[in-house]
Amino acid sequence: MVKPTGITNRIRVLRFERAEMTQADLAERIGVTRQTVIAIEKGRYSPSLETAFRIARVFAVPLEQVFQYSDEEGTAP
Amino acid sequence: MSKLFYMGVGVDVAFQEKRAWIMGAVAILGYAVYLAVVLARSGGGVPLAEVAYIAPLLWTVGGAIAVSIALNIAVAIASPGEADAKDQRDKEIARLGDYTGQSFLVIAAVAALALAMAEADYFWISNAIYLGFVLSAVLGSAVKLAAYRRGFQSW
């Protein structure tokens, strides 16, 4: 059973706002595979803090605008 | 289930996930061939423990390694851009799969130890260890594939 995560993200929206940046583009810029970007976007994988900050840097926004954490642990907001 | 069996539209498979498929499939196939040969040899009323198992064992292990290398090369040629790409998630999933698969190696070692102490035939000792290697590879691959398909949290 996969542990539920309380982390959600706005990567899809942020990519859309950056002229539809592709998942491959983002993957290359943060140094992961395209499949990992897909997994992160869908909430199937929580990246390390290092990768999370790299994603925020690509979009030039604070970390909280990329990732959010729900008030109750383990439940999606 | 659809996620696990690639029935979704636009399925995207990471290079290391393809390698996990190859490892699991080749391990099962190699062992199936070995079992078929050994069981066929004991078909004529020869007791299992007296079957000449060493050559089939070595050939199926060697064959599995060769097929696995060939398939890995074929997959790399099919998608050269992603060949051998491995990131943080791949490494974490690989670690989880190997760690889980290792349990069968320990079980096989304990079984072999018990068989040796009981002075069982070499056939059973060898086969306990071989089965342990196969199950370890199969379980490790299954855990990796589940982690790739259904999601994986490292915390």
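The values are calculated or read from the model by the stated rules, or taken from the named source; none is laboratory data. Keep in mind that this is a model prediction, so the values were computed, not measured. Because the Cβ atoms are built from the backbone with ideal geometry, glycine has one as well, and the counts that use them run over all protein chains shown.
Yes or no: B:Leu105 part of a helix (DSSP H, G or I) and over 30 Å from A:Gly6 (Cβ atoms)? Walk me through it before giving the result.
Values: part of a helix (DSSP H, G or I): yes; over 30 Å from A:Gly6 (Cβ atoms): yes.
Against the criterion (part of a helix (DSSP H, G or I) and over 30 Å from A:Gly6 (Cβ atoms)), B:Leu105 qualifies.
Residues of region B:33-88 being among the basic types (Lys, Arg) and more than 21 Å from the chain's Cα centre (by Cα), which ones?
To start, the set of residues in region B:33-88 that are among the basic types (Lys, Arg) comprises B:41, B:86.
Listed by number, the list holds a single entry, B:Arg41.
For every residue, the table says whether it meets (1) of a type in the set (Ser, Thr, Tyr); (2) within 29 Å of B:Glu119 (Cβ to Cβ); (3) modelled with pLDDT of 90 or more; (4) surrounded by 15 or more Cβ atoms within 10 Å (Cβ to Cβ).
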position	(1), (2), (3), (4)
B:Met1	no, no, no, no
B:Met7	no, no, no, no
B:Ala49	no, yes, no, no
B:Ala64	no, no, yes, yes
B:Asn72	no, no, yes, yes
B:Ala78	no, no, no, no
### Query
Residues of region A:31-58 being at the interface with chain B (Cβ under 9 Å from one of its Cβ atoms) and in a helix (DSSP H, G or I), which ones?
A:Arg34, A:Gln35, A:Thr36, A:Ile38, A:Ala39, A:Ile40, A:Glu50, A:Thr51
### Message
Please go through region B:135-151 and give me each residue that is surrounded by 21 or more Cβ atoms within 10 Å (Cβ to Cβ) and more than 14 Å from every other protein chain (Cβ to nearest Cβ), ordered by number.
### Response
B:Ser136, B:Ala137, B:Gly140, B:Ser141
### Query
Restricting the first residue to region A:53-67 and requiring it to be of a type in the set (Lys, Arg), which pairs with a second residue that is surrounded by 13 or more Cβ atoms within 10 Å (Cβ to Cβ) and not in a loop (DSSP other than H, G, I, E, B) meet a Cβ separation below 7 Å and a spacing of at least six or different chains?
A:Arg54/A:Ile30
### Message
I need the full set of residues from region A:1-17 which are surrounded by 12 or more Cβ atoms within 10 Å (Cβ to Cβ), out of contact with any strand residue (DSSP E or B) (no Cβ under 8 Å at 6 or more places or on another chain) and modelled with pLDDT under 90, in order please.
### Response
A:Pro4, A:Thr5
